[in-house]
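The values are calculated or read from the model by the stated rules, or taken from the named source; none is laboratory data. Everything quoted here is computed from the prediction, not taken from an experiment. No Cβ is skipped: glycine too gets one built from the backbone with ideal geometry, and neighbour counts run over all protein chains shown. Note: areas computed on protein heavy atoms with side chains; ligands, DNA, RNA excluded. Shrake-Rupley method; radii C 1.70, N 1.55, O 1.52, S 1.80 Å.
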Amino acid sequence: MKKIIILLLSVVVLFGCATTYRDSEGNIVSREKIDALRTVAVKRNLDERRFRIFIDKIYPVGMPVRTLNSDYVIEVSRDSIGMELPYIGRLDRAPINGYVGLHGILPIRSYKSEPTKDGERIFIEAHNETEIYNIILNVYNNGTTNISLKSNIRSSIDYSGFMQLNAKFVPIYAK
């Protein structure tokens, strides 16, 4: 009996903490409409080939997942890709500048996208003086992203993150 009361109390507390969203005029917006607007914003960013993805986790091969606290980002801007990413893994050659992380603005050699069930998969090939990068972005309708990065001189590595969206909705916690 005590477990049932605790369970019911926890359910009531969880429903009490539900988030509601309001538009710029103060009107309540439903969760379904928020999801639809988010999907439209993601599709628009992908169609324009202009988007920024903030990285929150790194998945090195053979090592545990690590949560990132700094601002790491991948930014696609039509014909170039900018990266500021940490790297943990094996290097076949030392980088020229001595910096092991992935950073810089690179020209895109090829860009191909294909729709998936719940988003879009993007294949990007980019290069600099010494490296060729093959990047696969799995972008989902809610803005979350999985990134797989392969290089000709590094072991492969995966990241996860979320797409920056310019939504004007402010969460207000129900009382």
* State yes or no: is residue 144 over 25 Å from residue 46 (Cα atoms) and within 15 Å of the chain's Cα centre (by Cα)? => no
* Residue that is surrounded by 14 or more Cβ atoms within 10 Å (Cβ to Cβ) and closer than 21 Å to residue 162 by Cβ, where the choices are 106, 85 -> 85
* Within region 45-77, restricting attention to residues that are acidic (Asp, Glu) and free of Cβ contacts under 8 Å to residues at least 60 places away in the same chain, which residue is surrounded by the most Cβ atoms within 10 Å (Cβ to Cβ)? -> 75
* **Which listed residue is open to solvent by less than 80 Å² (accessible area, probe 1.4 Å), among the polar types (S, T, N, Q), under 25 Å from residue 36 (Cα atoms) and in contact (Cβ under 8 Å) with a residue 24 or more places away in the chain, from 113, 80** => 113
* To do: Determine which single condition residue 133 fails, assuming it passes every other condition in (1) at pLDDT 90 or above; (2) in contact with a Phe, Trp or Tyr (Cβ under 9 Å, 6 or more places away or on another chain); (3) outside any loop (DSSP other than H, G, I, E, B).
  => (2)
* Asked: With respect to the numbered conditions (1) open to solvent by 90 Å² or more (accessible area, probe 1.4 Å); (2) modelled with pLDDT under 75, which one is the sole condition not fulfilled by residue 26?
  -> (1)
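Residues that are in a strand (DSSP E or B), within 16 Å of residue 145 (Cα to Cα) and not hydrophobic (A, V, I, L, M, F, W, C): does region 93-113 have at least one? Break it down into steps so the answer makes sense when it comes.
If we filter region 93-113 for residues that are in a strand (DSSP E or B), which is where we start, we get 102-113.
This time we only want the ones that are within 16 Å of residue 145 (Cα to Cα), so: 113.
Pick out the ones that are also not hydrophobic (A, V, I, L, M, F, W, C) and you get 113.
Scanning region 93-113, I find at least one residue that is in a strand (DSSP E or B), within 16 Å of residue 145 (Cα to Cα) and not hydrophobic (A, V, I, L, M, F, W, C), so the answer is yes.
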* Asked: Pairs, please: C-beta under 9 Å, at least 6 apart or cross-chain, first residue in contact (Cβ under 8 Å) with a residue 40 or more places away in the chain and open to solvent by 10 Å² or more (accessible area, probe 1.4 Å) and in region 118-143, second aromatic (Phe, Trp, Tyr) and in a strand (DSSP E or B)?
  -> 120/140; 142/162
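Residue 82 - would you say it is among the small types (Gly, Ala, Ser), in a strand (DSSP E or B) and within 22 Å of residue 124 (Cβ to Cβ)? Working first, answer last.
Working: among the small types (Gly, Ala, Ser): yes; in a strand (DSSP E or B): yes; within 22 Å of residue 124 (Cβ to Cβ): yes.
When the stated conditions are applied, residue 82 passes them.
Looking at 88, 124, can you tell me which residue is closer than 21 Å to residue 56 by Cα, among the β-branched types (Val, Ile, Thr) and assigned to a strand (DSSP E or B)? Spell out the reasoning first.
Values: 88 fails: assigned to a strand (DSSP E or B).
Sole residue among the options that is closer than 21 Å to residue 56 by Cα, among the β-branched types (Val, Ile, Thr) and assigned to a strand (DSSP E or B): 124.
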